[in-house]
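Encoded as structure tokens, the structure appears first; notes follow it.
Each reported figure results from applying straightforward, stated rules to the coordinates on display, with no laboratory input. Please read these numbers as outputs of a predicted model, since none were measured by experiment. Here the Cβ positions follow ideal geometry from the backbone for every residue, glycine too, while neighbour counts run over all protein chains shown.
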Amino acid sequence: MSSRRLSVLALLFAAALAARLLWAAPAPPGPVAAVTVPRQLGPWQGRDLPLPAPVREALPGARVLFREYRRAGRSPVFLTLVRGRQVASFHRPTFCYEGEGWSVVAAGSRQLPVQGRAVPVQTVAAQKERERQLMVYWYTCAGQPAASKTQQQVLMLCQRLRGKPALGGMVRLAAGFDEAPAQAEAAIGDLLRYAYPALPPDLR
């Protein structure tokens, strides 16, 4: 057998092993701790919202906080926090958007300055009939920010290979806008000034 074919087989075996570790390995015993953050964040007042059944079913074994924050003079901001030990507990938020009839009109990534730290985030602008929303989200693993879902999966795999709990997280903020997303960006940025220091350490 040629060395090239052996290399290909080795890569396939490594990929299969990684997939098994990520998707099939059982979670460590014990429940995942609930996600908590104050309802009052500076001038922003929050209220818990029921999690839609399809979203709940798409996040097996995860703990989720879904809340709307409001303050005078700003667009309402919807905050979603997810914490879980299984890769299946996380997916791209656009999956839920498209399932609810939204169309993604723009997407990208950027470094978001928050509390003197550059957080790698994904941004999505979506539209449903006349309604528009801007969404900003990021992933974490064991307290480390991940630039993408793929990087989060790699970090979770590395944690498992080291024999450590692979605790992952996701933070999502969304706000509506009329003509330009600057309105939503301002609201999300303002809430983050107060919310980021209050987030659990594993979600920052």
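Charged neighbours of TRP102, selected by a Cβ distance under 10 Å, balance to -2 (K, R count +1; D, E count -1). The ranking of VAL55, VAL124 by Cβ neighbour count inside 10 Å, starting from the fewest, reads VAL55, VAL124. The trypsin sites (Lys or Arg not before Pro) of segment 74-165 that meet both conditions, a loop assignment by DSSP and at most 16 other Cβ atoms within 10 Å of the site Cβ, are ARG130, ARG162. The residues packed around PRO197, meaning those with a beta-carbon under 13 Å from its beta-carbon, carry a net charge of +3 if Lys and Arg are +1 and Asp and Glu are -1.
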